[in-house]
1. Check off (1) in contact with a His (Cβ under 8 Å, 6 or more places away or on another chain); (2) farther than 26 Å from Asn228 by Cβ; (3) surrounded by fewer than 18 Cβ atoms within 10 Å (Cβ to Cβ) for Lys123 and give me the number that stays unchecked.
2. Go through the residues of the range 187-210 one by one and say whether even a single one is polar (S, T, N, Q) and more than 30 Å from Asp300 (Cβ to Cβ).
3. Considering only the range 184-201, state which residues are of a type outside the set (A, V, I, L, M, F, W, C), in a loop (DSSP other than H, G, I, E, B) and more than 18 Å from Ser117 (Cβ to Cβ).
4. Within the range 202-243, count every residue that is free of Cβ contacts under 8 Å to residues at least 40 places away in the same chain and aliphatic (A, V, I, L, M).
5. Which of the following residues is in contact (Cβ under 8 Å) with a residue 24 or more places away in the chain and farther than 30 Å from Ile78 by Cβ: Ile319, Ile294?
6. Considering only residues of the range 98-120 that are of a type in the set (S, T, N, Q) and either free of Cβ contacts under 8 Å to residues at least 60 places away in the same chain or over 30 Å from Leu227 (Cα atoms) (or both), which is surrounded by the most Cβ atoms within 10 Å (Cβ to Cβ)?
7. If I filter the range 137-153 for residues that are in contact with a Cys (Cβ under 6 Å, 6 or more places away or on another chain), among the polar types (S, T, N, Q) and either within 16 Å of Thr3 (Cα to Cα) or outside any loop (DSSP other than H, G, I, E, B) (or both), do I get at least one hit?
8. Among (1) of a type in the set (A, V, I, L, M); (2) touching a Leu at 6+ places or on another chain (Cβ under 6 Å); (3) free of Cβ contacts under 8 Å to residues at least 12 places away in the same chain, which single condition is Leu270 missing?
Amino acid sequence: MKTVSVIIPTYNRALFIKQTLESFVLQNYPNMLEIIVVNNNSTDHTLAVIKELSAKYPIIKYYEEQRQGVHYARNTAIQYAKGEVLYYTDDDMIADPDLLTNLLQTFEVNDKIAVVSGRVLPKWAITPPNWILKYCLNAHLSLNLDETPLIISDQMINIFSCHEAILKEAIIKAGGFNPENTKGEWIGDGETGLSIKLLNLGYLQAYNGSSIIRHIIPETRMTQRYLNKRFANQANCDSFTIYRAANGLSNSKLFANILRNFMTILYKSLVTPWHFLRARDNWRITMAQTFYHINRITYDLKLMTRPQMRNLVLRDNWIDLNN
């Protein structure tokens, strides 16, 4: 089976990253070469936690990326990684011991597979409210509960960067991860954009439901405020993806998109209080959708008025920026 480097960008997650790192130290995969932690300007005691663990477990290697943005940290790690496969996860995840064994065997099924993901289950910090269980056991919390043993596709499937194995040669050809959370602002489509670039190069994607990781969900993510923010961030991602897919849009088309989103906001602003007054909890989703459409407008206005924003969106290669 292929050699693998585990890559974990981190930013101010001292409370969680110890659990994450220890869960990967305990992996039963025989060809794991290293665990690469890339500190992206943490201001809490994350660094102390990493240094303590790296002294205890030499397999853990530490690097820094001072440009704020998770895509910088992910792409920077490529130049240090020795594995044939780069496994990306986040600093608030806990891996099952056989995660890598189950995930990496997928690459042996078809030599055109470039990226593989698997199940992302919740690890709740507190008992979640009913509306979270009803509406958010999905991408809203970066969860994927699908138990399907194997899916191989030349089309987009749900793949989250918190549980993603990628052929090193393929990610280099694709130009790395697109931007997403950059200095607290979501400006791009991250792993979605990377998946699109890989598919355009003729690679396949795969999903292996036997490979499981658990996502720590703190109380702060079980709120309406967080859901609104999640939808707003998704709006930025979608505007980025749509503009790239068209290789740019004219101002008239962007303005037409703005008008459509404005009309949708008017509709959502009426139905949200209606649902609330009738004690229907779907008001939470329609309210979050309002934030989505507001941000679609804001992002498209930036594309209309800022040439540097248009150039950023159309950039393909983000690895070169790290050299």
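1. Answer for Lys123: the failing condition is (2).
2. Yes - at least one qualifying residue is present in the range 187-210.
3. Scanning the range 184-201 gives Gly184, Gly188.
4. The qualifying residues number 1.
5. Selected residue: Ile294, the only one of Ile319, Ile294 that is in contact (Cβ under 8 Å) with a residue 24 or more places away in the chain and farther than 30 Å from Ile78 by Cβ.
6. Selected residue: Thr106.
7. No, the conditions are met nowhere in the range 137-153.
8. The one condition Leu270 does not meet is (2).
Every number here is computed from the coordinates shown, using simple stated rules; none is lab data. As the structure is a computational prediction, the values presented were derived from the model and not from experiment. Here Cβ is always computed from backbone atoms with ideal geometry, including for glycine, and neighbour counts include all displayed protein chains.
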